[in-house]
Ligand SMILES: [Zn+2]
């Protein structure tokens, strides 16, 4: 029973990791584009700390809030 529970937890974690990985890949694709690091709505630079925390972010802290 424990083994089944562990398997369920592992699969859920794996799916979450895959989802995160896809979003990171999207962010990586944008690095090649000139607008990476700039807010998609207002065009201002997104704070570096914010990008590090959420690399797939496309809005600055003002537009996201
Ligand atoms: Zn903005």
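Quick one: count up the residues across the stretch 48-65 that are within 22 Å of residue 22 (Cα to Cα) and assigned to a loop (DSSP other than H, G, I, E, B). Outline the logic, then answer.
The initial filter retains those residues of the stretch 48-65 that are within 22 Å of residue 22 (Cα to Cα), namely 48-60, 64.
In the following step, the residues that additionally are assigned to a loop (DSSP other than H, G, I, E, B) were identified as 54-60.
The qualifying residues number 7.
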Query raised in the report: Consider residue 3 against the criteria (1) assigned to a helix (DSSP H, G or I); (2) modelled with pLDDT of 90 or more: it satisfies all of them except one. Which criterion is unmet?
Result: (2)
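Within the stretch 38-63, how many residues turn out to be away from the ligand (no atom under 12 Å from the Cβ) and surrounded by 10 or more Cβ atoms within 10 Å (Cβ to Cβ)?
4
The values are calculated or read from the model by the stated rules, or taken from the named source; none is laboratory data. What you are looking at is a predicted structure, and each value in this text was computed from that prediction instead of being measured. Cβ: placed from backbone, ideal geometry, glycine included. Neighbour counts: every protein chain shown.
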